[in-house]
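**Q** Take a look at this one; I'll ask things after.
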Amino acid sequence: MYPSTRLRRTRQADWSRRLVQEKTLQTSDLVWSVVVSDTADPREPVAALPGVDRLSLKALAEAAKEAEALGIPAMAIFPHIDPSKKDETGSEALNADGLVPQAIKTIKDAAPNVGVICDVALDPFTTHGHDGVLDGDYVANDATVESLIEQALIQAEAGCDVVAPSDMMDGRIGAIRDALEGAGHHNTMILSYAAKYASGFYGPYRDAIGSATALKGDKKTYQMDPANAEECLREVELDIQEGADMVMVKPGLPYLDIVKTLTDTFPVPVLAFQVSGEYAMVQAAAANGWIDGDRVMLESLMSFKRAGAAAVITYFAPRAAKALNG
Ligand code: PBG
């Protein structure tokens, strides 16, 4: 009891604060989310994501070298394709010479030691902006999984290290794992977007990949209800059984309780995605002088570590790495 116990004693000096610090944030905790485009020349800004550009393949190669130099372990690729290539079924997702396979090869050529993570989902490629193929207004589960299997195989074939199904169809992790094993891709990892919520925080991303105006309706029939916590246990348990190597929580900061629940429950690496809307809010407040942008960036990233996340996917990755590397 006070006064024998004074919790401020260990806070009194920089050295003692560092000594008792529970969690650390390092560049090895960061995954850099990048938007690659087949029309950008060499880069074009995304209005809703200040500081983030859509990159041409050439600019992507430079970014990959930067990631390597900064010690960022991996990049996650999100494609913005020419709208004329979009159709009802997202067939461009299954083009082995498409933008994503080319982006994978570009990163691997430029920076062989940077891991490549690819979204498995159809939304960047469909005219309606949904993650799968439609049956009427409904996103058909099993037909979508058939496309996702093929998309994941094409990514693995192109050299992708980690396929990351972000579509929330039932049964897709097991189906993709079986297909990868069958094709000899034993070491291709699966990062499952296991607890992905139907969220308003994805708004700027849809602008970035050009699906904002396209999206008809919402994604509530496949993504999780923001009101649900218990359900994440079932999602993650299934995905682990089906062969997921890592699982993801998305969005990030508003769902730290989910990160904590999962890391307390399952011995599997849990990653969190600090999504576009979270990034945009920090950038907007900082631009107005209302918060210290660098400080809030690092504090938000540390919060993920505090909740137990193994790593964070973030648009801040290069800036955070520079801040961390001094
Ligand atoms: C969809 C996908 C989304 C994001 C990544 N993959 C958006 C959505 O589900 O509508 C969001 C990323 C971000 O907001 O930064 N497959």
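The values are calculated or read from the model by the stated rules, or taken from the named source; none is laboratory data. For clarity, every value in this text was computed on a predicted model and none was experimentally measured. Here Cβ is always computed from backbone atoms with ideal geometry, including for glycine, and neighbour counts include all displayed protein chains.
**Q** Say whether the condition of being closer than 23 Å to Gln102 by Cβ, touching a residue at least 60 places away in the same chain (Cβ under 8 Å), part of a loop (DSSP other than H, G, I, E, B) and of a type in the set (A, V, I, L, M) is met by at least one residue in segment 29-49. Lay out the reasoning, then the answer.
**A** First, pick out the residues of segment 29-49 that are closer than 23 Å to Gln102 by Cβ: 31-46, 49.
Of the ones still in play, those that are also touching a residue at least 60 places away in the same chain (Cβ under 8 Å) are 31-33, 35-38, 46, 49.
Checking which are part of a loop (DSSP other than H, G, I, E, B) leaves us with 38, 46, 49.
Right, trim to of a type in the set (A, V, I, L, M) and you get 46, 49.
Yes.
**Q** In segment 111-166, how many are assigned to a loop (DSSP other than H, G, I, E, B), within 13 Å of the ligand (Cβ to nearest atom), within 23 Å of Gly182 (Cα to Cα) and out of contact with any Gly (no Cβ under 6 Å at 6 or more places or on another chain)? Explain how you work it out, then say what you get.
**A** Step one: list which residues in segment 111-166 are assigned to a loop (DSSP other than H, G, I, E, B), which gives 111-114, 121-125, 127-133, 136-137, 140, 159-161, 166.
In the following step, the residues that additionally are within 13 Å of the ligand (Cβ to nearest atom) were identified as 121-125, 128-132, 166.
Retained after the next criterion (residues that are within 23 Å of Gly182 (Cα to Cα)): 121-122, 166.
Now restrict to residues that are out of contact with any Gly (no Cβ under 6 Å at 6 or more places or on another chain): 121, 166.
Count: 2.
**Q** Something else about it: Please list, ordered by first then second residue, the pairs with beta carbon atoms under 6 Å, 6 or more apart or interchain, first in segment 204-219 and over 16 Å from Gly90 (Cα atoms), second polar (S, T, N, Q) and in a helix (DSSP H, G or I).
**A** Note: pairs meeting the criteria are Pro204/Ser276; Tyr205/Ser276.
**Q** Still on this model: Please work out if Ala323 is among the aliphatic types (A, V, I, L, M), at pLDDT 95 or above, within 18 Å of Glu22 (Cα to Cα) and in contact with an Asp or Glu (Cβ under 8 Å, 6 or more places away or on another chain). Before you say what the answer is, go through the steps one by one.
**A** On the way: among the aliphatic types (A, V, I, L, M): yes; at pLDDT 95 or above: yes; within 18 Å of Glu22 (Cα to Cα): no; in contact with an Asp or Glu (Cβ under 8 Å, 6 or more places away or on another chain): yes.
No, not satisfied.
**Q** Out of (1) under 17 Å from Gly210 (Cβ atoms); (2) within 16 Å of the ligand (Cβ to nearest atom), the odd one out for Ser91 is which?
**A** Against the list (1) under 17 Å from Gly210 (Cβ atoms); (2) within 16 Å of the ligand (Cβ to nearest atom), Ser91 comes up short only on (2).
**Q** Continuing with this model, one more query. Can you tell which of Val100, Val139 is of a type outside the set (Gly, Ala, Ser) and either under 24 Å from Tyr197 (Cα atoms) or at pLDDT below 95 (or both)? So that I can check it myself, show each step before the final result.
**A** Numbers: Val100 fails: either under 24 Å from Tyr197 (Cα atoms) or at pLDDT below 95 (or both).
Being of a type outside the set (Gly, Ala, Ser) and either under 24 Å from Tyr197 (Cα atoms) or at pLDDT below 95 (or both) holds for just one of Val100, Val139, which is Val139.
**Q** A further question on this structure: For the subset of segment 1-29 comprising residues that are out of contact with any helix residue (DSSP H, G or I) (no Cβ under 9 Å at 6 or more places or on another chain) and among the basic types (Lys, Arg), which member is farthest from Leu271 (Cα to Cα)?
**A** It comes out as Arg6.
**Q** Out of the residues in segment 301-313 that are on the phi < 0 side of the Ramachandran plot and not in a helix (DSSP H, G or I), state the one that is nearest to the ligand (Cβ to nearest atom).
**A** As a first pass, look at segment 301-313 and keep what is on the phi < 0 side of the Ramachandran plot: 301-307, 309-313.
Then keep just the ones that are not in a helix (DSSP H, G or I); that gives 307, 309-313.
Working: Ala307: 19, Ala309: 16, Ala310: 19, Ala311: 15, Val312: 12, Ile313: 8 Å.
Across segment 301-313, the extreme among qualifying residues is Ile313.
**Q** Suppose we keep only residues that are assigned to a loop (DSSP other than H, G, I, E, B) and within 13 Å of the ligand (Cβ to nearest atom) within segment 252-300. Which one would you say is farthest from Trp32 (Cα to Cα)? Give the derivation first.
**A** Residues of segment 252-300 that are assigned to a loop (DSSP other than H, G, I, E, B), as a first pass: 252, 266-269, 275, 288-292.
Adding the requirement that they be within 13 Å of the ligand (Cβ to nearest atom) leaves 252, 275.
Numbers: Gly252: 15, Val275: 11 Å.
Among those residues, the one meeting the criterion is Gly252.
**Q** Of all the residues that make up segment 133-167, how many are more than 18 Å from the chain's Cα centre (by Cα), over 22 Å from Lys105 (Cα atoms) and not aromatic (Phe, Trp, Tyr)?
**A** At the first step, the residues of segment 133-167 found to be more than 18 Å from the chain's Cα centre (by Cα) are 133-147, 149-150, 153-154, 157-159.
From the residues that got through so far, the ones that are over 22 Å from Lys105 (Cα atoms) too are 133-146.
Going one step further and asking which of them are not aromatic (Phe, Trp, Tyr), we end up with 133-137, 139-146.
Qualifying residue count, segment 133-167: 13.
**Q** Let me ask another. Quick one: would you say Ala63 is under 17 Å from Ala158 (Cβ atoms) and either assigned to a loop (DSSP other than H, G, I, E, B) or at pLDDT 95 or above (or both)? Spell out the reasoning first.
**A** Working: under 17 Å from Ala158 (Cβ atoms): no; either assigned to a loop (DSSP other than H, G, I, E, B) or at pLDDT 95 or above (or both): yes.
Answer is no for this residue.
**Q** Report yes if Ser16 is surrounded by 10 or more Cβ atoms within 10 Å (Cβ to Cβ), farther than 17 Å from Phe273 by Cα and in contact with a His (Cβ under 7 Å, 6 or more places away or on another chain), otherwise no.
**A** Working: surrounded by 10 or more Cβ atoms within 10 Å (Cβ to Cβ): yes; farther than 17 Å from Phe273 by Cα: yes; in contact with a His (Cβ under 7 Å, 6 or more places away or on another chain): no.
No: the conditions fail for Ser16.
**Q** Right, here's the next one. Away from the ligand (no atom under 16 Å from the Cβ) and either out of contact with any His (no Cβ under 7 Å at 6 or more places or on another chain) or at negative phi (or both): is that true of Leu215 in this structure?
**A** On the way: away from the ligand (no atom under 16 Å from the Cβ): no; either out of contact with any His (no Cβ under 7 Å at 6 or more places or on another chain) or at negative phi (or both): yes.
Spelling it out, it is not the case that Leu215 is away from the ligand (no atom under 16 Å from the Cβ) and either out of contact with any His (no Cβ under 7 Å at 6 or more places or on another chain) or at negative phi (or both).
**Q** List the number of the failed condition for Gly132; all other conditions in (1) out of contact with any Ser or Thr (no Cβ under 6 Å at 6 or more places or on another chain); (2) closer than 15 Å to Gln223 by Cα hold.
**A** Result: Gly132 passes all but (1).
**Q** If you don't mind, another one. So which residues in segment 167-201 are part of a loop (DSSP other than H, G, I, E, B), within 13 Å of the ligand (Cβ to nearest atom) and surrounded by 22 or more Cβ atoms within 10 Å (Cβ to Cβ), if there are any at all?
**A** Of all residues in segment 167-201, those part of a loop (DSSP other than H, G, I, E, B) come to 167-171, 183-188, 198-199.
Now restrict to residues that are within 13 Å of the ligand (Cβ to nearest atom): 167-169, 198-199.
If the condition is that a residue be part of a loop (DSSP other than H, G, I, E, B), within 13 Å of the ligand (Cβ to nearest atom) and surrounded by 22 or more Cβ atoms within 10 Å (Cβ to Cβ), then Asp167, Met168, Met169 are the ones that fit.
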